[in-house]
1. For a Förster distance of 30 Å, can you work out the FRET efficiency between the beta-carbons of Y103 and T26, rounded to the nearest 0.05?
2. Between A68 and N38, what length in nm is gained on full extension when 0.36 nm per residue of separation is reduced by their alpha carbon distance?
3. Provide the FRET efficiency to the nearest 0.05 for the R89-H61 pair, computing r from the beta carbons and using R0 = 30 Å.
4. How big is Rg to Rh over region 64-107, alpha-carbon atoms, Rh as the Kirkwood inverse-mean-distance radius?
Amino acid sequence: MLRRPVEPKQYTSIHFGQTLFLEGLTPSVGTVGDALDNALAETTIGLYKTECVRDGSPFRHGPLATLADLEEATSAWVHWYNTQRLMHRLGRIPPAEAEAAYYATIDTATPAAHKN
C-alpha cells in the first residue's frame, strides 16, 4: 500500500501570505508560539459557547436545528452581553453603559484635529 506523505498546512503558509498581499491586506498573526493575539477572541468564543449555544442556555428556545435558530440565539446573547451583563473590569456595569459614560466625558463638538 502506497502512502502519500502528509503535507502540513499552516494558517501562516506562504500561499496565505501571498493571497493577502495580492488583495492589499495585512495579516493579523503573532509570532510563532505567541498566542497573545488570540486570547481575546478565544475568551469570547469560550463565553459564547458556554453561555449561548450549550444545552440549557437561556438564549436557546429548543434545539439549534437551523441557521435561523443559531442566529436568533446569538443575537439575543450579544444584546444581553452588551446591555445587561455586568463586567468586572468596567466597574460592574454593562459595556454599553461604559461606552455611553465615556462619550459623555469627551468633547465631540471640536474635531480631534483642531484640539490643542
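The numbers here are math on the coordinates, done by the rules we state, and not lab data. Given the structure is predicted, the values throughout are model-derived calculations rather than measurements. Every residue, glycine as well, gets a Cβ built from its backbone with ideal geometry; the counts of neighbours run over all protein chains shown.
1. With a Förster radius of 30 Å, E is 0.55.
2. Extra length available between A68 and N38 comes to 8.0 nm.
3. For R89 and H61, the calculated efficiency is 0.45.
4. 1.20
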